Amino acid sequence: LEPKERVTVAETARELLLELASAQERTEGSDPTSAGLTALTLLETAEHIRGLNPSRALEVDRARYLSLVKRVAAARQSLLTAEKIPVITSHDISMLAAAHTQNRPGESYRKAVQLLTTSIEMSPRHYWSHFQRALCHQELNEQVLALSDLGTCIGLWPESSWAHFNRGLLLFKQGQHRAAIQDYTTAIRHSPQLHSAYFNRALAHLELQEYESALLDIQAVRDSGRNDVRLDAARAVALEG
């Protein structure tokens with residue numbers, strides 16, 4: 001690869017490792033120590049990717065995971081280290097915004113929106129900054145702003161199933177069930193294994209009393225091997241209809 005391409009691949013790998021660490025924290029939430037140790041191992045791998053400058057977001061995340069394993073002094077040191085690392089590129093800023101959202105409170109999402117807005121001003125076509133900001137607006141119940149960012153995402157990357165899927169969720173909440181179905185259908189076309197889109201499309205069909213279409217979507221999810229109480233409840237409603 002050319003040098004610029006190598007940097008892009010390295011940055012993406014590091015970002016994915018940080019996302020994986022965060023996912024480990026959420027899925028192993030019942031055992032914070034195990035989750036923290038797993039996440040710290042992933043961060044060590046991310047830190048040693050060659051050709052990248054230090055990441056403030058990585059240090060902020062490390063501080064959180066160190067706190068999970070009761071290493072308070074080390075966590076404090078990581079935060080001090082983070083403050084010394086400059087945030088230069090739009091990629092740096094979007095990663096830092098993602099680190100802020102892990103804390104969950106509303107103020108963290110506000111801070112993330114500010115950071116992502118700066119990132120977008122630097123790189124208006126940075127898809128993931130728009131997508132992250134849309135998710136933050138969703139958490140803050142700012143649906144119009146979220147729809148705007150998701151529309152931009154679709155314009156930048158029409159084949160993105162996640163942008164269509166998330167816009168479908170928002171449209172459904174607004175009662176725009178037909179429009180939601182269109183977005184879910186597009187998401188499925190680009191990602192046929194996105195079973196959540198089938199289930200949510202089934203719910204939209206139920207709202208429109210399109211019971212046969214709802215049953216087809218529910219069966220598609222069941223055929224994938226996934227099943228839960230919500231799926232059975234939706235099927236029961238469709239059969240009664």
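The values are calculated or read from the model by the stated rules, or taken from the named source; none is laboratory data. None of these values were measured; they are calculated from a predicted model. Glycine gets a Cβ as well: all are built from the backbone with ideal geometry, and neighbour counts include every protein chain shown. For accessibility, only protein heavy atoms count, side chains too; no ligands or nucleic acids. Shrake-Rupley method; radii C 1.70, N 1.55, O 1.52, S 1.80 Å.
Scanning the stretch 45-65 for residues that are charged (D, E, K, R) and under 13 Å from residue 24 (Cβ atoms) yields a count of 2.
In the stretch 88-96, is there at least one residue being β-branched (Val, Ile, Thr) and out of contact with any helix residue (DSSP H, G or I) (no Cβ under 9 Å at 6 or more places or on another chain)? Checked the stretch 88-96: at least one residue is β-branched (Val, Ile, Thr) and out of contact with any helix residue (DSSP H, G or I) (no Cβ under 9 Å at 6 or more places or on another chain). Is it the case that some residue within the stretch 173-184 is over 22 Å from residue 145 (Cβ atoms) and in contact with a Lys or Arg (Cβ under 6 Å, 6 or more places away or on another chain)? Yes; the residues of the stretch 173-184 include at least one that is over 22 Å from residue 145 (Cβ atoms) and in contact with a Lys or Arg (Cβ under 6 Å, 6 or more places away or on another chain).
Of the residues 183, 223, the single one that is touching a Gly at 6+ places or on another chain (Cβ under 6 Å) and either open to solvent by 20 Å² or more (accessible area, probe 1.4 Å) or among the acidic types (Asp, Glu) (or both) is 183. Scanning the stretch 3-19 for residues that are open to solvent by less than 50 Å² (accessible area, probe 1.4 Å) and under 18 Å from the mean Cα position of the chain (by Cα) turns up 11, 13, 14, 15, 17, 18. If you check 22, 30 for being at pLDDT below 90, open to solvent by 70 Å² or more (accessible area, probe 1.4 Å) and small (Gly, Ala, Ser), only one passes: 30. Screening the stretch 138-241 for helices (runs of 4 or more DSSP H) wholly inside it with 3 or more residues that are among the polar types (S, T, N, Q) and under 23 Å from residue 128 (Cβ atoms) returns the ranges 143-156.
For beta carbons closer than 6 Å, sequence separation of 6+ or different chains, a first residue in the stretch 108-120 that is in contact (Cβ under 8 Å) with a residue 12 or more places away in the chain and within 9 Å of residue 130 (Cα to Cα) and a second that is of a type in the set (D, E, K, R) and part of a helix (DSSP H, G or I), the qualifying pairs are 116/133. Within the stretch 41-65, residues that are within 24 Å of residue 115 (Cα to Cα) sit with their Cβ atoms under 8 Å from residues that are open to solvent by 40 Å² or more (accessible area, probe 1.4 Å) and assigned to a loop (DSSP other than H, G, I, E, B), at 6+ positions apart or across chains, in these pairs: 53/88; 56/86; 56/87; 64/103. Contact annotation: residue pairs with Cβ atoms under 7 Å, 6 or more positions apart or on different chains, pairing a residue in the stretch 1-20 that is within 21 Å of residue 101 (Cβ to Cβ) and in a helix (DSSP H, G or I) with a partner that is polar (S, T, N, Q) and open to solvent by 40 Å² or more (accessible area, probe 1.4 Å), are 17/45.
Here's the yes/no breakdown for (1) open to solvent by less than 50 Å² (accessible area, probe 1.4 Å); (2) touching a residue at least 12 places away in the same chain (Cβ under 8 Å); (3) within 18 Å of the chain's Cα centre (by Cα):
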position	(1), (2), (3)
178	no, yes, no
194	yes, yes, yes
218	yes, yes, no
235	no, yes, no
